[in-house]
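Notes follow once the structure below has been shown.
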Amino acid sequence: MDPAPDSQSPFLAGLAEVERLLHEGAPSSLSRARALADQLVDDLPETPSGGNSDLRIAILTAKGHAERNAGLLLEAVRTYDRALSLLPDPGSDIQGKNRRANLLTCRGLALLALGDPASLERAIESFDASIAMRDMPEATEAECWGLAAAWLNRGDALAALGGRDQLRNALAAAAKGREALAGLDPDKHPPYRSRLALSWMKSGDYALRLCAECGELKQEESLSHLETAVAVLRPGAEAGFEESRRMLAAALANLSRARLFLEKRGSESGEREARESLSWIETSALTSPEMLSLALNCRLTEACHLVTSGGDADRLLAATDVVEEAFALAAEGRERLGPAADDERLLGELAKLGAEAYLIASPAFLGEFLLDLLDPDRNPKHFADLAAVHEAAVRVLWKGIAGIQQRGFSEIGSSDYETDRDRLVEWQNCRERLASIRDRFFTRGPDPA
């Protein structure tokens, strides 16, 4: 006989604890979830009738989620495969098909995250098998929801493989995802609106890549898809749904960046979209590294529009204000969320943009800007530990120094010559100071507190 319900109570309590730890999502919680799941699998008795298979599948599925969320992707694939091997052939059983489809999608997500071509091909196979389980008339809302997820993730895998054909197929997959969502009411459940908008955002990105990588004329299509994503999300954001607010900020930022790339210069519409994107998340920018990165990207995009939309001094100086606001936010993020919360590459781009704007519009303040960012003796909220910020500073300093040296003695005796001479000394001193800071942080290491 199978165990009586009471004998399963400790197992069910353990499964509930694994799911709670999964919801917490912290690295330590995921580690505890994996260990507890292993223990529960080992302790669950085998029965002649296989009556515990459902419980074993449930705990293996939870373990696979914990491994995937912790970045243990190969382990997650193996665990999902174990769970799938225990599932009986569902035949025409709708519940059995949905269970298998869910596991296949999760397995595909782990393979997708591995990212190598062989894993991406296997991910597509998993998503295709999941789609086949759910692609049926009279699908329920839950089935449509899962079907849309499989199509959208299939598109991600195709796009990751790259190339014209795969990107075109990714566009088609995103459209299939929208078809699956067509029978759902976005106002009934906010995540529906988010997934619909996500499909449009993905389509916009795939079309943009077809322009950039394959030379296809899909500029208007890309912008139209991204504008549709914004339109889908706006009602939810205005109604106060936090997820819609966050996604609207991302959609506006993506639209603004796409305009920069496709139009090859800044624009008022792109600048306006970048500013609006930040307005939706300004109060939550310091709640997580992901939100901080989104807020900093909004600032970077706004500054790019200012710098490339005409280049007059007022707009360049406005861009430096945006960059300095971004670094102030990044410094606060480091204090609240830890140094690892900041995206070093992103901060390097911000530093380069701000420094080049100062070099052109107000060179007298270039050295001050760079030392404020990188000199620990000058600013306790410095970024001297980030190599990308140093690299940006050095590149722009050398660019300024080279410009003065190229002018040489052509204006000797003039006030401009005297200004250049004094500035050259100042920038050389700044360069030497930054070199000593790099030696301190990257050769000897930072001084102890």
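The values are calculated or read from the model by the stated rules, or taken from the named source; none is laboratory data. Not measured: the values here are computed from a predicted model. Glycine also receives a Cβ, built like all others from the backbone with ideal geometry; neighbour counts cover every protein chain displayed. Note: accessible area is taken over every heavy atom of the protein model, side chains too, but ligands, DNA and RNA are not part of it. Shrake-Rupley method; radii C 1.70, N 1.55, O 1.52, S 1.80 Å.
Which ones in region 257-301 are over 18 Å from residue 324 (Cα atoms) and in a loop (DSSP other than H, G, I, E, B)?
Listed by number, the residues that qualify are 264, 265, 266, 267, 280, 281, 287, 288.
Rundown of residues vs (1) at positive phi; (2) of a type in the set (A, V, I, L, M), yes/no style:
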| position | (1), (2) |
| --- | --- |
| 71 | yes, no |
| 116 | no, no |
| 119 | no, no |
| 125 | no, no |
| 136 | no, yes |
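Of all residues in region 319-347, which are surrounded by fewer than 18 Cβ atoms within 10 Å (Cβ to Cβ) and farther than 19 Å from residue 385 by Cα?
Hits for region 319-347 are 321, 325.
Let me confirm something: among 268, 276, 290, which residue is surrounded by fewer than 23 Cβ atoms within 10 Å (Cβ to Cβ) and at pLDDT 95 or above?
Residue meeting the stated conditions: 276.
Six or more apart or on different chains, Cβ atoms under 7 Å: show the pairs whose first residue is in region 82-99 and in contact (Cβ under 8 Å) with a residue 12 or more places away in the chain and whose second is part of a helix (DSSP H, G or I) and of a type in the set (Ser, Thr, Tyr).
83/61; 86/53
Would you please list the contacts, defined by Cβ atoms under 8 Å and residues six or more apart or on different chains, that run from a residue in region 57-69 that is free of Cβ contacts under 8 Å to residues at least 60 places away in the same chain and hydrophobic (A, V, I, L, M, F, W, C) to a residue that is open to solvent by 30 Å² or more (accessible area, probe 1.4 Å) and in a helix (DSSP H, G or I)?
57/86; 57/99; 60/82; 60/86; 62/19; 62/22; 66/22; 66/34
Here is a list of conditions, (1) over 21 Å from residue 146 (Cα atoms); (2) modelled with pLDDT under 90; (3) of a type outside the set (Lys, Arg), and residue 36 meets all of them except one; can you say which number that is?
(2)
With the requirement that a residue be within 23 Å of the chain's Cα centre (by Cα) and open to solvent by less than 40 Å² (accessible area, probe 1.4 Å), what does region 116-150 give you?
119, 120, 123, 124, 127, 146, 148, 149, 150
Considering only residues of region 366-383 that are in contact (Cβ under 8 Å) with a residue 60 or more places away in the chain and either assigned to a helix (DSSP H, G or I) or in contact with a Phe, Trp or Tyr (Cβ under 6 Å, 6 or more places away or on another chain) (or both), which is most open to solvent (accessible area, probe 1.4 Å)?
371
Report yes if some residue within region 297-307 is surrounded by fewer than 24 Cβ atoms within 10 Å (Cβ to Cβ) and among the hydroxyl-bearing types (Ser, Thr, Tyr); otherwise report no.
no
Under 6 Å between Cβ atoms, which residue pairs at least 6 apart in sequence (or on different chains) link something in region 302-327 that is more than 22 Å from residue 342 (Cβ to Cβ) with a partner that is surrounded by fewer than 24 Cβ atoms within 10 Å (Cβ to Cβ) and among the β-branched types (Val, Ile, Thr)?
Qualifying pairs under 6 Å: 316/360.
Using the structure shown, decide if residue 402 is open to solvent by 20 Å² or more (accessible area, probe 1.4 Å), touching a helix residue (DSSP H, G or I) at 6+ places or on another chain (Cβ under 8 Å) and at pLDDT below 95.
no
Quick check on my filter: what residues within region 228-263 are of a type in the set (D, E, K, R) and in contact with a helix residue (DSSP H, G or I) (Cβ under 8 Å, 6 or more places away or on another chain)?
Correct list: 234, 242, 243, 245, 246, 257, 259, 263.
Would you please list the contacts, defined by Cβ atoms under 7 Å and residues six or more apart or on different chains, that run from a residue in region 201-227 that is outside any helix (DSSP H, G or I) to a residue that is open to solvent by less than 30 Å² (accessible area, probe 1.4 Å)?
216/210; 218/207; 218/210; 218/211
Please enumerate the residues belonging to region 89-133 that are polar (S, T, N, Q) and in a helix (DSSP H, G or I).
The answer is 95, 98, 102, 105, 119, 126, 130.
Which one of the conditions (1) open to solvent by less than 30 Å² (accessible area, probe 1.4 Å); (2) at pLDDT 95 or above; (3) over 30 Å from residue 332 (Cα atoms) does residue 193 fail to meet, given that it meets all the rest?
(2)
Evaluate the following for residue 207: is it surrounded by 23 or more Cβ atoms within 10 Å (Cβ to Cβ), hydrophobic (A, V, I, L, M, F, W, C), modelled with pLDDT of 95 or more and out of contact with any Phe, Trp or Tyr (no Cβ under 9 Å at 6 or more places or on another chain)?
Yes.
Suppose we filter region 244-265 for residues that are open to solvent by less than 70 Å² (accessible area, probe 1.4 Å) and either closer than 24 Å to residue 193 by Cβ or of a type in the set (Val, Ile, Thr) (or both); how many remain?
14
Of the numbered conditions (1) part of a helix (DSSP H, G or I); (2) open to solvent by less than 40 Å² (accessible area, probe 1.4 Å), residue 74 fails exactly one; give the number of that condition.
For residue 74, the exception is condition (2).
Could you go through region 158-166 and let me know if any residue there is of a type outside the set (S, T, N, Q), closer than 25 Å to residue 64 by Cα and open to solvent by 20 Å² or more (accessible area, probe 1.4 Å).
yes
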